[in-house]
1. So how many residues does the range 90-104 have that are without any contact (Cβ under 8 Å) to a residue 60 or more places away in the chain and surrounded by 13 or more Cβ atoms within 10 Å (Cβ to Cβ)?
2. Please determine, by comparing only the residues of the range 62-80 that are loosely packed, with under 13 Cβ neighbours inside 10 Å and not small (Gly, Ala, Ser), which one is farthest from MET106 (Cα to Cα).
3. Only residues that are crowded, with 17+ Cβ neighbours inside 10 Å, assigned to a helix (DSSP H, G or I) and not charged (D, E, K, R): list them for the range 28-37, please.
4. Looking only at the range 114-168, count how many residues are closer than 14 Å to LEU81 by Cα, touching a helix residue (DSSP H, G or I) at 6+ places or on another chain (Cβ under 8 Å) and of a type in the set (Phe, Trp, Tyr).
5. Identify, by number, the condition in (1) of a type in the set (Val, Ile, Thr); (2) surrounded by 16 or more Cβ atoms within 10 Å (Cβ to Cβ); (3) not in a helix (DSSP H, G or I) that ILE59 doesn't meet.
6. Of all residues in the range 140-195, how many are part of a helix (DSSP H, G or I), aliphatic (A, V, I, L, M), in contact with a His (Cβ under 9 Å, 6 or more places away or on another chain) and over 17 Å from ALA76 (Cβ atoms)?
7. Kindly list, by first and then second residue, each pair from a residue in the range 1-14 that is in contact (Cβ under 8 Å) with a residue 24 or more places away in the chain and closer than 16 Å to ARG26 by Cα to a residue that is part of a loop (DSSP other than H, G, I, E, B) and not small (Gly, Ala, Ser), limited to pairs with Cβ atoms under 8 Å and residues at least 6 apart or on different chains.
8. Could you grab me the full set of residues in the range 38-56 that are within 24 Å of ASP93 (Cβ to Cβ) and not in a strand (DSSP E or B)?
Amino acid sequence: MILRALASPLPIAWVTGDCAYGQEWRMRRTLEEAGVGYVLAVPKSQPLHAPYGRIDHAIAQAPQEAWGRLSCGDGAKGPRLYDCASARPPAIDVFDGDAPTHDRWMLARRNLARPEETAYYMAYAPNGTTVGDLVRVAGSRWAIEEAFQAAKDECGLDQYEVRRYPGWYRHITLAMPAHAFLSALAARTTEKGAAETTPPAPALSPWQRSGDSWTFCFPAPSPATAPSHTPELVSLAQTSPSHSPALPLPKKNQLRQRFLTGVLDDGGSCGRSVAHGTELVS
């Protein structure tokens with residue numbers, strides 16, 4: 001698998017891995033022959049090139065000045081800081097030649113809260129590589145392990161029951177593109193949500209500096225948000241003009257005739273007569 005990756009047109013600058021890969025010298029030698037740098041974790045009992053003994057014994061002899069605090073990348077709570085010590089052992093003439101283009105490194109990374117927890121690495125890097133570069137490459141395993149764990153949870157990367165390599169390869173080949181699709185979809189959704197979210201405008205402080213003194217005032221509201229106090233005009237319903245003629249007022253000392261109609265009984269007869277009378281109104 002590694003040989004196919006190296007033969008592909010993909011740009012590969014570094015390879016990193018845990019102790020299961022780092023202690024395999026054939027893998028390290030394959031990467032060296034391909035000219036690819038690596039930072040591989042190794043167990044504390046990893047032997048160095050003779051006559052230097054084990055890597056933990058060599059690191060134990062490092063003076064206090066050799067240790068420095070470096071960040072191996074950002075984590076969920078900020079930069080992940082460790083105390084690190086490194087050294088370059090002599091080149092191996094059989095493998096590196098007279099003019100080596102890469103340097104060999106041994107690296108130790110110590111936990112700040114638990115100094116007894118120390119991780120050891122063997123590295124192969126181009127000339128001019130700094131210790132900070134090696135520490136960052138080693139810390140990139142954190143993001144890779146997080147991706148593998150997400151693929152196991154979301155796509156069943158480790159949920160297979162196979163006995164042969166072709167079956168395992170088919171399962172991994174289907175699970176990894178599925179996880180890549182979900183990761184791209186999640187990233188696109190996050191970017192879209194961030195673009196649609198408009199941050200609220202910061203509130204202006206009533207304390208404003210004016211030369212050597214301060215003024216306490218409230219900023220005038222913007223025209224868009226200021227309430228309008230202009231009274232609104234209310235239209236009244238128009239009444240239709242009356243077509244009835246105007247009646248004159250009665251004049252004083254006007255003679256008004258009043259007609260009185262009554263029924264007069266003429267001694268038991270059935271006849272009726274109408275009596276007329278007048279009335280003066282002053």
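Every number here is computed from the coordinates shown, using simple stated rules; none is lab data. Given the structure is predicted, the values throughout are model-derived calculations rather than measurements. For neighbour counting, all protein chains shown are included, and Cβ atoms are generated from backbone atoms with ideal geometry for every residue, glycine included.
1. 5
2. It comes out as LYS77.
3. Hit for the range 28-37 is LEU31, nothing else.
4. Of the residues in that region, 0 qualify.
5. (3)
6. So the count comes out to 1.
7. LEU6/ILE12; LEU6/VAL36
8. GLN46, LEU48, HIS49, ALA50, PRO51, TYR52, GLY53, ILE55
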